[in-house]
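Step one of this worksheet: look at the structure below.
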Amino acid sequence: MAACSHDPSGVVVRELRSPPRVTSGTHIVRQDETLYSIAWLYGRDFRELADNNGIRSPYIIQPGQHISLEQRKRAVTPPPQRQPATSPKQQVVKKEPVQKRPAVSPNPQTVSWRWPAKGKVIQRFSLSGSVNKGIDIDGNLGEPVMAAAAGEVVYAGSDLAGYGRLIIMKHNNSYLSAYAHNRELLVGEGDSVKAGQKIAEIGSTGTTEPKLHFEIRRDGKPVDPMRFLPKR
């Protein structure tokens, strides 16, 4: 059974910050966890976990609840078979030409990103070797941590080992971002946040030196933040 490990002492547990994607087992919800933090821990899309467990928006879960991590395959519905013609002679009906509409994405997932802290990048994104599912930004204790884009806070706490005091934000149905090792959290779950708003202070919780660990995930999968942040 897969389960979340917790380190109340705040000691760095680096391997828990970059676990493999888990697609089996069960997670038992602990106090203060959210569906978003559980999905983040196991590298899953929160919508997928919600669908698999019959959890509807706004995705409220309770301590002690069992969350299945099984990856279910969607049933493929075969295309309907064409019925044979009732008469060998069919009347030809002239159809009016259909005007084509320009292709428009039904759910544009555009996010305008900005840097969450002013320091230099001291560790880059990597999914091989020394795995780092985000970037680490240097900083001094108490310096501001800013929201990298407008969104809603979906997790604020210290329940994910290796992250220290952590904030997870939802920007749309595809993109989430995370801000780890904070000294103070200035926002709470359910808060709407503007891009550039101060949401925390740089700290060293869950690590050995003051810094901000920043991640972006698209559909539950970590992506390199440097691909999205503006050049500076």
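Readers should treat all values here as calculations from the given coordinates under stated rules, not as data from a laboratory. It should be emphasised that the depicted structure is a prediction, and the values quoted were computed from it without experimental measurement. Cβ sites come from the backbone with ideal geometry, for glycine too, and all protein chains shown count toward neighbours.
The packing ranking, built from the mean of other Cβ atoms within 10 Å per residue, places the peptides 110-119, 52-61, 146-155 in the order 146-155, 110-119, 52-61, highest first. Note on residue 198: aspartates and glutamates with a C-alpha under 14 Å away, same-chain residues under 8 apart excluded, are 143, 152, 184. With the highest mean first, a sort of the peptides 26-37, 195-206, 218-229 on other beta-carbon atoms found within 10 angstrom per residue produces 195-206, 26-37, 218-229.
With 19 Å as the limit, write out which pairs from 170/211; 118/211; 133/221; 118/231; 170/221; 133/211 have Cα-Cα distances beyond it, or answer none. Table pairs above 19 Å Cα-Cα are 170/211.
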